[in-house]
Amino acid sequence: MSWILAAPLVLPFLTAVLSFLWRHSPAGRRISVAGNVALLVAAGALLAAVLDEGVVAGQMGGWAAPFGITLVADYLGAAMAMITAITALATALYAMGDIDEHKAGLGFHALFNVLIGGVTGAFLTGDLFNLYVWFEVMLISSFGLLVLGASRAQIDGGIKYVTLNLISTILFLSGVGLLYGMTGTLNMADLARVVPALEDQGLVTTVAMLFMIAFGVKAAVFPLFFWLPASYHTPAYAVSAVFAGLLTKVGVYALIRVFTMIFTEDTGYTHTILLWVAGLTMITGVLGAAAQNDMRKILSFHIVSQIGYMVLGLALYTPLAVAGAVFYVVHHIIVKANLFLIAGIAERAAGSSDLARIGGLYKSAPLLGALFLVPAFSLAGFPPLSGFWAKYVLVAAALDVQGWLVAGVALLVGALTIYSMTKIWAEAFWKAHPDGVEPKLTRIGTAQRRWLLAPVIGLAALTMLIGLFPQPFIGFAETAAQQLLDPSDYIRTVLGADALPMPADLAEEAS
Amino acid sequence: MSDGPRGNGWVGILPILLSAAIFAGFLGALPRVSDGEPLRLAVDWVPSLGVTLSFLLDGLSLTFALLISGIGTLVFLYSNSYLAGHPQFARFVLFLFSFMLAMLGLVLSDNLIGVFVFWELTTITSYLLIGFGHETKKGRRSALQALLVTGAGGLAMLAGFILLGNAAGSFELSEILTDPEALKAHEHYTAILVLVLLGAFTKSAQVPFHFWLPNAMAAPTPVSAFLHSATMVKGGVYLLARLHPGMSGTDGWIWSLTIAGALTAVLASVLALRQTDLKQALAYTTLMALGTLTLLLGQSSAYAMTAFATFLVVHSLYKASLFLMVGCIDHETGTREAGILGGLARAMPVTAVAAALAGLSMAGLPPFIGYIGKELIYAGAIVAESSPVFVTAAALAANALMVAVAGVVALGPFWRKPGGKLPKTPHEAPWPMLAGPLLLALGGLAFGTFPWLIEESMIAPLVGGLLGDPDQTKHLHLWAGVNLPLFLSLATFALGFLLYALHRSLRAALARADAATPTLDDWWDRFLDGLKALAAWQTALLQSGVLRRYMAVMFLVVLVGLVATMVARGVRVPMPDLSDVTWMNVALVMLMIVGAVLATLTTSRITAMASLGVVGIGVAMIFIVFSAPDVAITQLMVETLIVVLVAVALLRLPKLDRASEDWRPLDALLAVGVGGAVSAVIFAVIATPVDRRLTDFFEVASYPEAHGRNIVNVILVDFRALDTFGEISVVIIAALSAYALLRARPSKGGDR
């Protein structure tokens, strides 16, 4: 079982090394694509194994948990690895047309694939310190990607990005240290057993706050999201897309992971905070978007707003709500990455990402218009696209527990999201181009255009597929939520059926 | 332009044939449904959420479906000539056909979530249709307004649907409506009612959400005809009718529908008279009709329900006909201004006949179906549950104004003297554009003369759906004897003719009054501006662009998060045991504090760097004190390297500018606070018992199993090798990034 877990982790690093060696030739980018195809296959195999067995775990180096490092995939982990592979492949394809030789020569493909490796590692590790390591891998490789090209705007955004994220990393590390001091273990399955049985739960909650803040920064929630709108509009579009799709979701994933499996004894406190955070994140994010006039800045603020929905699912903490959060994460990654990819094509065709300076795309590039409408309306929550089901499940979950206010906020933010998406539509697509030019897609070279459009079409098709046939995905998310809320399967798979006493026995011993 | 139905090739023909086939299909189902045998079709969609694609063809949905597909066929026929050769014709047809299908899905769906899905699909497709003239600012504004108003209402409705489904235990309408008493007694009934009405009222443009509908006239005329006669705006009315059996009869239902409906009907008919643009005038009469239908649905009497069913058909027929007719005029003369148009009867005789027939039905004159509809409205009004006087007065005012508007729109352009020179020389429109208005207008005449044509087949099943018993349907006749409705009708005509005679001076007065009063449409712009201002204000406040503020906020969150939690959860922070603290420890810590403080105070970058080096070396010394020399050596080497390397880089940079930074004392306070809070947490954690499972294992297993004597090294390269792998990648990637930064060709103005 180890290899099926290790493969999605090893492949990106292998791809990174090879594409770095061939960075000055076209082979480098092709290696990147091939490597990500392989990653998709590996993630698919892992997903199949998880669908078959429920939870799959492997002990790295053969050291039994909790002494070594465990890789583990439950429904959530496997789904995240899969969606990472999909996003990575889409971006690698897009990069064929988006990344010039100069950036490739500076090592774009190596940085990109290490980033993918870090993200996959974060989703598959069963060890809290190891998670920290993958966070660092992600942070440094994303910083490299962010400043690749070294324009003034990029450096400015990059400095804010790296500073604020370093603070988050330090908080995370402090939290890990403190938790280790209290439990003597770093294995998440072990922590899931031991932490709820600790005597001083007040202290546990205090330490949990460190995790909440650290992951909150990563997830870009209110009031910790500053780094995101400061930096996401500056790098190459392929980079923006993969960031938009994946990075914040690692933070959300980590929040979901620890606040469903480990810190569960004081949800009246922790999850109430999360609920307020969710509401404020939704509102401030969507208002931030309403204030922007640049495609990428609008989309960036919308990431923040949408993160609020995912945190809402976690905060409500019912099976339906957590399933909603899981579904939302998957839907959002596809849609958000795609919107950035489309914005990149729009800029190439129309000449800018500033809405005041472009227009006319609907008339002369109707294909792009159709491709934009799918993720844009999905993000805005229109049926029958994936975003509708995501929003519907969360609103229904909120109403189920009489969360009138937060359900109202979720719906209101949905309306404001419509406003932002139609702003892009009206300005970039409907309005005539202010310079009178006809922004045709054929202004982009044929081969390049194909590389840019192929992933966009693929992701849009996926959005439609999820929207039209949601049952398998929602069913999957429901199982994922069950596994999170009752991690006994996870714990048993990682630690073995009778490795150590279960929490109830521990509690007895303590008393 | 007018080159017949073949102008757009198969793209134009196909939707005509398809919608005609759909219409024929529904017509074929008519006998069965009117015999009281509804058709059902259900497919699981999202079983785990209780969402099915279930469709129900009963009297109510069939009437709507026939109107939608029938008028749809004529509209497609008409559009094919009206927009012949338009470069975006294919998209237009695609949107319009999708819209029609969505509308059909909406009226046929038996699942609440299904209703919502199709409801939103009509919203999206109508957005694309209203914005068909997308290069004009007005077109874009109107489309956005329609989308946001109906979209926001739709979201409220979704919440209402979820509550309704939860209250009834099912999302299937046919199950929800089986137990109205339980529903009305449910604790969430009022919330459900308010939320669902928000959806229905925004969609059906009831006051105060009426303002988007006249603006939606930005769409091409066939779209207006379709949206306003049979579809879109009727979606809300449909929903009210569908929920009528389950939710009507409460005070909340009766009064909200009565008041909104009456206000809408009267206000709209006054505003209709004020318009000079024929299409705008018709748009307001649509509002009047929607208001009347809502008003009727507020009641529950058999008269009101029969009136609802009849007037629904009446309005669809004459409204579609008149819109298409105005489109013909616009198309052939180049204007829609009532003041200019006149004397067209000679040049456009067929159009004139169609307009006259539709206009007479609209005015409610016998022997048109409009007359029967009006009689029934009065019959329903005088037995209204809310207030017969109020409802009757509203209906009388609205109907009288309709008589006048019908004269202005349907007769004026053809028989009056022209008021100015026409932009184009008028001639008759091609037959595909005449077929629609003429057929629909003739329908109004036929159904009025022979009411039995629709009474048993359409009206009775519809009323049966509303009241549960088709036999309660009141008869449709032209002559119902001498009764109060008859007198009211006569009063309507008298008042209507008077208003028509005076309509020019009335219009001028209304225009003056209208210009003086702020409209909701103006408020809409203010609302959006306010929203933008709020967004800009909030974003400037939060996203200030100043890194120091961002950091301050983050640390403040840490401080508050830790302290508040410790207080709220009563975490005891034990005084650490100081007995084995030596002078050496104290000196080291003091050294580090001095280094840290110095680093923040100095204006020299080199000094700052060196001070941080002092802190780092202090950490290394602590490792030595606690007998971890290998770690200490690593730390020392790292610190030395960093100080040297960074110092080299810093030599080229100017001095730090501390003067520009205010708030330094606050920063210091924050720093001390965060440090103190973290220390407190550490003290508390240290006081808890240590679990040495891992350490014990590493001590035991390092040599015999992992073959290494240095436990730290074994941990790094074997037990936790994956961490080391990750950290090595970090170092390499850091080097790569630095290399990339140094090698990059910096561009001047950002990346664009």
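Tell me which residues come under 5 Å, amide H to amide H, from B:SER54 once H is placed; ignore anything under 5 positions away on its chain.
The answer is B:VAL43, B:ASP110, B:ASN111.
List the residues of the stretch A:193-218 for which accessible area in the full set of protein chains is at least 50 Å² lower than for the chain on its own; 1.4 Å probe, protein heavy atoms only.
A:LEU203, A:THR206, A:ILE213
P(r) for the stretch B:215-332, please, calculated from all Cα pair distances in 10 Å bins and given in %.
Taking all Cα pairs of the stretch B:215-332, the binned fractions are 15, 44, 29, 11, 1, 0 percent.
To one decimal place, what orientation-averaged projected area in nm² is obtained for the convex hull of the Cα set of chain B?
Working: hull surface 190.8 nm².
Mean shadow area of the hull around the Cα atoms is 47.7 nm².
Using helices alone, what [θ] at 222 nm do you get for chain A, with -39,500 (n - 2.57) per DSSP H run of 4 or more residues, divided over all residues and rounded to the nearest 500? Provide the component values of the computation, followed by the final result.
On the way: 23 runs with 382 residues, N = 511.
About -25000 deg cm²/dmol.
Can you list the equivalent-ellipsoid semi-axes of the stretch B:298-501, largest first and in whole Å, using the square root of 5 times each Cα gyration tensor eigenvalue?
33, 19, 12
I'd like to compare B:460-468, A:347-355, B:342-350: which one has the highest average count of other Cβ atoms within 10 Å, and what's the full order after that? Working shown, then result.
Details: B:460-468: 22.9, A:347-355: 20.4, B:342-350: 17.1.
Highest-to-lowest ranking by the protection proxy: B:460-468, A:347-355, B:342-350.
Would you please put B:49-58, B:579-588, B:381-390 in order of how densely packed they are, using the mean number of other Cβ atoms within 10 angstrom per residue and starting with the highest?
Working: B:49-58: 20.0, B:579-588: 10.7, B:381-390: 18.2.
Ranked from most to least packed, the peptides come out as B:49-58, B:381-390, B:579-588.
Counting only protein heavy atoms and using a 1.4 Å probe, what share of the accessible area of the stretch B:369-458 belongs to carbon plus sulfur, as a whole percent? If you can, show how the numbers build up before the last one.
Values: 2550 of 3430 Å².
Carbon and sulfur atoms account for 74 percent of the accessible area of the stretch B:369-458.
Pick out, in residue order, every one of the chymotrypsin sites (Phe, Trp or Tyr not before Pro) in the stretch B:456-517 that is DSSP loop and has at most 11 other C-beta atoms within 10 Å; say none if there are none. Don't skip to the end; give the middle numbers.
Details: sites: B:TRP479, B:PHE487, B:PHE493, B:PHE497, B:TYR500; in loops: B:TRP479.
Counting only loop positions with at most 11 other Cβ atoms within 10 Å, the chymotrypsin sites (Phe, Trp or Tyr not before Pro) in the stretch B:456-517 are B:TRP479.
Using all Cα-Cα distances in the stretch A:156-216, what percent lands in each 10 angstrom bin from 0 up to the longest?
22, 47, 20, 10, 2
For the stretch B:479-555 and the stretch B:126-152, what is the separation of their Cα centres, given in Å?
The distance from the Cα centre of the stretch B:479-555 to that of the stretch B:126-152 comes to 16 Å.
Let me confirm one metric for peptide A:472-479, namely the mean number of other chain beta-carbon atoms within 10 Å of its residues' beta-carbons. Spell out each step's value before the answer.
On the way: counts 1, 1, 5, 4, 0, 1, 2, 0.
Averaged over the peptide's residues, the number is 2.
Of A:LYS391/A:LYS431; B:LYS374/B:LYS474; A:LYS363/B:LYS138, which sit over 21 Å apart, Cα to Cα? Mind showing how you got there, number by number?
Values: A:LYS391/A:LYS431 30 Å; B:LYS374/B:LYS474 14 Å; A:LYS363/B:LYS138 17 Å.
Violating the 21 Å Cα-Cα cut-off are A:LYS391/A:LYS431.
Could you tell me the relative contact order of chain B? Use alpha-carbon pairs under 8 Å, at least six residues apart, and round to a whole percent. Don't skip to the answer; put the middle values down first.
Values: 1118 pairs, mean separation 78.9, N = 752.
Relative contact order for chain B comes out at 10 percent.
Just check the stretch B:692-752 against the gyration tensor rule for me: Cα atoms, a ≥ b ≥ c as the square roots of the eigenvalues, rounded for a/c under 1.5, and otherwise prolate or oblate depending on whether a/b exceeds b/c. It would help to have the intermediate numbers written out before the result.
Working: a/c = 6.62, a/b = 4.10, b/c = 1.61.
Here the stretch B:692-752 falls in the prolate category.
Any idea of the total accessible area buried by the B-A contact, 1.4 Å probe, rounded to 100 Å²?
Chains B and A together bury approximately 9800 Å².
Which peptide among B:714-725, B:132-143 comes first, and what is the full order, when sorted by highest mean count of other Cβ atoms within 10 Å?
B:714-725, B:132-143
Rounding to the nearest 10 and keeping the result within 0 to 90°, find how far the Cα-based axis of helix A:295-316 lies from the longest principal axis of chain A.
Orientation of helix A:295-316: about 20 degrees from the principal axis.
Find which of A:PHE327, A:TYR269, A:VAL374 sits farthest along the positive direction of the dipole of chain A, computed with +1 on the beta-carbon of Lys and Arg, -1 on that of Asp and Glu, about the Cα centre.
Result: A:VAL374, furthest along the dipole toward the positive end.
Volume per residue, Å³, of the convex hull around the alpha-carbon atoms of the stretch B:546-688?
Numbers: hull volume 19.1 nm³, N = 143.
Taking only Cα atoms, the stretch B:546-688 has a hull volume of 133 Å³ per residue.
I'd like the carbon and sulfur percentage of the solvent accessible area for the stretch A:395-495, probe radius 1.4 Å, heavy atoms only, ligands and nucleic acids excluded. Please report the intermediate quantities before stating the final value.
On the way: 2520 of 3970 Å².
Looking at the stretch A:395-495 in its full context, I get 64 percent from C and S.
Counting only other residues whose beta carbon sits under 14 Å from that of B:THR190, what net charge do I get with K and R as +1, D and E as -1? All intermediate terms of the calculation are to be shown ahead of the outcome.
Values: positive: B:LYS184; negative: B:GLU187, B:ASP251.
With Lys, Arg at +1 and Asp, Glu at -1, the neighbours total -1.
Counting only heavy atoms of the protein chains, get the accessible area per residue of the stretch B:546-688 (1.4 Å probe) and round it to a whole Å² value. If you can, show how the numbers build up before the last one.
Working: 9020 Å² over 143 residues.
That works out to 63 Å² per residue.
Between rounded, prolate and oblate, where does the stretch B:1-129 land on the alpha carbon gyration tensor, with a ≥ b ≥ c its root eigenvalues, rounded for a/c under 1.5, else prolate if a/b exceeds b/c?
Note, shape of the stretch B:1-129 comes out oblate.
In whole angstrom, how far apart do the alpha carbon centroids of the stretch A:23-88 and the stretch A:469-485 sit?
20 Å
What number comes out for accessible area per residue over chain A if the probe is 1.4 Å? Units Å², please.
That works out to 26 Å² for each residue.
Roughly how crowded by other chains is peptide B:151-164, in terms of the mean Cβ count from those chains within 10 Å of each of its Cβ atoms?
Average neighbour count from other chains, rounded to a whole number: 5.
Residues of the stretch B:538-561 with accessible area at least 50 Å² lower in the all-protein-chain context than alone (1.4 Å probe)?
Buried-area filter returns B:GLN538, B:THR539, B:LEU542, B:GLN543, B:LEU547, B:TYR550, B:MET554, B:VAL557, B:VAL558.
Return one number: the angle in degrees, 0 to 90 and rounded to the nearest 10, between the long axis of the Cα atoms of helix B:605-625 and the longest principal axis of the Cα atoms of chain B.
Compared with the principal axis, the helix lies near 70 degrees.
Determine the calculated [θ] at 222 nm for chain B from helices alone, applying -39500 (n - 2.57) to every DSSP H run no shorter than 4 residues and normalising by the residue count; nearest 500 deg cm²/dmol. Can you show the working numbers first?
Details: 31 runs with 530 residues, N = 752.
Value at 222 nm, helices only, nearest 500: -23500 deg cm²/dmol.
Compute for the stretch B:393-469: radius of gyration divided by Kirkwood radius, i.e. Rg/Rh, restricted to C-alpha atoms, rounded to two decimals.
1.13
Starting from the Kirkwood Rh over alpha-carbon pairs, what translational D in µm² s⁻¹ does the protein assembly as shown have by Stokes-Einstein at 10 °C and 1.306 mPa s?
Working: Rh = 33.5 Å.
D = 47 µm²/s.
Where in the stretch B:102-133 does the amide nitrogen come within less than 14 Å of the point 7 Å from the Cα of B:ALA29, taken along Cα to Cβ?
Taking a point 7 Å out along Cα→Cβ of B:ALA29, the residues of the stretch B:102-133 whose backbone N falls under 14 Å are B:102-111.
Roughly how many nanometres apart are two label points built 7 Å out from the Cα toward the Cβ at B:ASP469 and A:TRP404?
Output for this residue pair reads 3.8 nm.
How much area per residue is accessible in the stretch B:298-501 when the probe is 1.4 Å and only protein heavy atoms are counted (Å²)? Could the numbers behind the result be given before it?
Numbers: 7060 Å² over 204 residues.
Using a 1.4 Å probe on heavy atoms only, each residue of the stretch B:298-501 averages 35 Å².
Give the shape of chain A as rounded, prolate or oblate, defined through the alpha-carbon gyration tensor: a ≥ b ≥ c are the square roots of its eigenvalues, a/c under 1.5 means rounded, and otherwise the shape is prolate if a/b is larger than b/c and oblate if not.
Details: a/c = 1.85, a/b = 1.44, b/c = 1.29.
Prolate shape, in that a/c is at least 1.5 and a/b is the bigger ratio.
Could you look at the stretch B:1-119 and say what percent of its accessible area is carbon and sulfur, using a 1.4 Å probe and all protein chains?
Details: 2960 of 4260 Å².
The value for the stretch B:1-119 is 69 percent carbon and sulfur by accessible area.
Normalising by the residue count of the stretch A:259-388, find the relative contact order in percent from Cα pairs under 8 Å and 6+ residues apart.
Details: 149 pairs, mean separation 25.8, N = 130.
This gives 20 percent for the stretch A:259-388.
Counting only protein heavy atoms, probe 1.4 Å: which residues of the stretch A:391-415 lose 40 Å² or more of accessible surface in the full assembly compared with their chain by itself?
A:TYR392, A:LEU399, A:TRP404, A:LEU411
The values are calculated or read from the model by the stated rules, or taken from the named source; none is laboratory data. Source: prediction; values computed, not measured. Virtual Cβ from ideal backbone geometry, glycine too; neighbours counted across all protein chains shown. Only protein heavy atoms, including side chains, enter the accessible area calculation; ligands, DNA and RNA are left aside. Shrake-Rupley method; radii C 1.70, N 1.55, O 1.52, S 1.80 Å.
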